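The values are calculated or read from the model by the stated rules, or taken from the named source; none is laboratory data. This is a predicted model, so every value here is computed, not measured. Cβ atoms come from the backbone with ideal geometry, glycine included; neighbour counts cover every protein chain shown.
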Amino acid sequence: MALYSEKVMDHFRNPRNIGCMEEADGIGEAGNMKCGDIMKIYLKIENDIIEDVKFETFGCASAIASSSMATELIKGKPVAQALELTNQAVAEALEGLPPVKMHCSVLAEEAIKLAILDYYKKNDIPYAKEQFPDCENCSHCSHHGH
């Protein structure tokens, strides 16, 4: 049996929305120092809709595929809907990830949430703290160098 689904390999070989974004409205970075995966998500938001999204990911096939799929799932969607994206939804859209690679989908979810949090903070938009990863109590990642 192949380690990765066809969908994972497709998004790894032909990533969607890859690249940097000048003047992004929100930027989120999540990383796992243990495995070396680092994801950076850039959002362009207009009228509460994610008009454009880009990513830069340093990592394995699962990390790149998770980033690519996650950006596809939130592009053109309202910010509130993007906030509800779960790592399970990313993994399901990729037709599964090996158990040892599920953390890659978690990083994609976290990077998106942190980019939205960045957008909220830059624009003084009130938000509920429980909707976002807790940097102070997060043991497996390095958000913004914390």
* Structure fact -> Checked pairs for the range 90-108, first at pLDDT 95 or above, second part of a helix (DSSP H, G or I) and of a type in the set (D, E, K, R), C-beta under 8 Å and 6 or more apart or across chains, list as VAL90/GLU109; ALA93/LYS7; ALA93/GLU72; LEU94/LYS7; GLU95/GLU6; GLU95/LYS7
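Residues are listed down the side, and each one gets a yes or a no for (1) in contact with a strand residue (DSSP E or B) (Cβ under 9 Å, 6 or more places away or on another chain); (2) over 23 Å from ASP25 (Cα atoms):
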| site | (1), (2) |
| --- | --- |
| ALA70 | yes, no |
| PRO78 | yes, no |
| GLN81 | yes, no |
| GLU84 | no, no |
| ALA91 | no, yes |
| LEU94 | no, yes |
| PRO99 | no, yes |
| HIS103 | yes, yes |
* Can you pull out the helices (runs of 4 or more DSSP H) entirely within the range 21-128 that have at least 2 residues that are touching a His at 6+ places or on another chain (Cβ under 6 Å) and surrounded by fewer than 23 Cβ atoms within 10 Å (Cβ to Cβ)? -> none
* **Hits in the range 65-104 (condition: among the acidic types (Asp, Glu) and closer than 16 Å to PHE12 by Cα)** => GLU72, GLU92, GLU95
